[in-house]
1. As a test of the formula, what do you get for the chain when each DSSP H run with n ≥ 4 contributes -39,500 (n - 2.57) and the sum is divided by the residue count, at 222 nm and rounded to the nearest 500 deg cm²/dmol?
2. On a 0 to 90° scale, report how tilted helix 401-416 is relative to the longest principal axis of the chain, with both axes built from alpha carbons and the result rounded to the nearest 10.
3. Taking the range 172-326 on its own, what percent of its Cα-Cα pair distances exceed 21 Å?
4. Work out from phi, with θ = phi - 60° and the Karplus expression 6.51 cos²θ - 1.76 cosθ + 1.60, the ³J(HN,Hα) of each residue of the range 352-357, listed in order in whole Hz, and give x for Gly and Pro.
5. Could you count how many Lys pairs in the chain have their Cα atoms under 22 Å apart, skipping same-chain pairs fewer than 8 positions apart?
6. Quick one: which residues, 5+ away or cross-chain, put their amide H under 5 Å from the amide H of residue 300? H built at 1.01 Å from N.
7. What would the Debye formula give as log10 I(q)/I(0) at q = 0.26 Å⁻¹ for the alpha-carbon point model of the range 206-269, no solvent?
8. Counting only DSSP beta bridges with both residues in the range 93-134, what percent are antiparallel, rounded to the nearest 5?
Amino acid sequence: MNVETETMKNEAAPEIRIGGGVPVLGPRDTPVAEVVHACHSASIDQGLAALAIPGLNRETLEPVLQYCAGLRCVADNVSCPGCKRRTEAQGIETLDQFILSKKEVIVGDGRVRLKGEGTETVTTPCLETLSKQWSGENYWFWARRVIRKLRHGLRRAHMRGEPVAGEGETPSIILMEPQLADNIGMVARACANFGLDDLRLVSPRDGWPNEKARIAASGANYIIDDARAYGTLEESIADLNWVGATTARQRDLRKPVLTPEQAIVEMRKRISRGERCGVLFGRERNGLETSEVAVADAFIMIPVNSRFASLNLAQAVLLTGYEWMRSDAGRSLGRVTTYEKPLTEGLYLGRDRPATKEELLGLFEHLERELETNGFFNPAHRRSTVSQNLRTLLTRLNATEQEVRTLRGIVATLSQGKGRARKREE
């Protein structure tokens, strides 16, 4: 054990104190919410390293998280800056009330400033961000998630998976400046669902690699591990021969317009010739710029409600992936395990088999014999027509061998009675 580790072990666990109406800990009076945020936005170890609070480590972190997760701040009549509980306790219900409660809200580079009646000055990158974040974060919910990570590790962290195809055998999925790590994780999961192994990121806002993306991938870890980040769009597509750009907006560019189904046909044709292909997806907020679409070979436009055409990023990738997998002749429906065989469209028979014509004819004759005995064919000259109708109906069932046996048992039981029917069958 090195000196640094020994020192951390011997340091006393930091206690939560109340300072200025805020639960804090450590020599710099770090708010509890800041501890939760650091460990939630990155890995626990990365968060602890960034906080650098003496005595705060994996062994001493959980009591701090439990304070927040259990809302013990309510009993102490305190709250953290940026917490939704604080705005609720202050009775702030609207954005207007929030701005009024501050001394000044500085927007962007400071050329826009909103004056209020309070004493605190806050900053925000833009008014759109302020409108979404003014009420604060649910830190207690974040704390509960970090506790689960602390106790059990990342959900499905043991699941590794592996690519289903060789390099270049599937289209590359390219995300242009993705804003949220959670969205990258959900895209990775969609890629894994449909066998798209190559994920490329152009200038992800929150950096790469990112632990939150791994969590959101929900087991698609190999996609996350193999994903590559690029500084520019040109770098991300440099090795590709054909690129389709997804868009919901019409562009004044003379390029082929394809549905996902048509785009997949084009890419499969090109990949079979040894070319490499990719599909470019835009930012969550405003999609792709026209200058970015201009470098693509075709538009890919998904059939949608024309009055509500914007898709979630992961949904758009999932629809494209579905078309890719749907056109794969070797696909299977649902999962395949050691005990489950691949399934294809059509009637599922399991261990059963379709009835033979001999078995069906035996059923017809048995049924008609019992109906004759019980006077069903009346008038008699209608027997031929009724028998043909019955045979047509039963043939249309596509019955299995077991189902034919069951039907014959039903006929025997109804005509003879349960005990007598069994004796007669023997």
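Any read-out appearing in this document is the output of simple, stated calculations on the displayed coordinates, not a laboratory observation. Because the structure is predicted, anything quoted here is derived from the model rather than measured. Positions of Cβ are backbone-derived with ideal geometry, glycine not excepted, and every protein chain shown enters the neighbour counts.
1. On the way: 20 runs with 191 residues, N = 426.
That comes out to -13000 deg cm²/dmol.
2. With rounding to tens, the tilt is 60 degrees.
3. Numbers: 4675 of 11935 pairs.
Value for the range 172-326 (Cα pairs over 21 Å): 39 percent.
4. 3J(HN,Hα) across the range 352-357, in whole Hz: 7, 9, x, 5, 7, 5.
5. Count of close lysine pairs: 14.
6. Correct list: 245, 246, 247, 258.
7. Log10 of I(q)/I(0), two decimals: -1.08.
8. On the way: 4 of 8 bridges.
Around 50 percent antiparallel, to the nearest 5.
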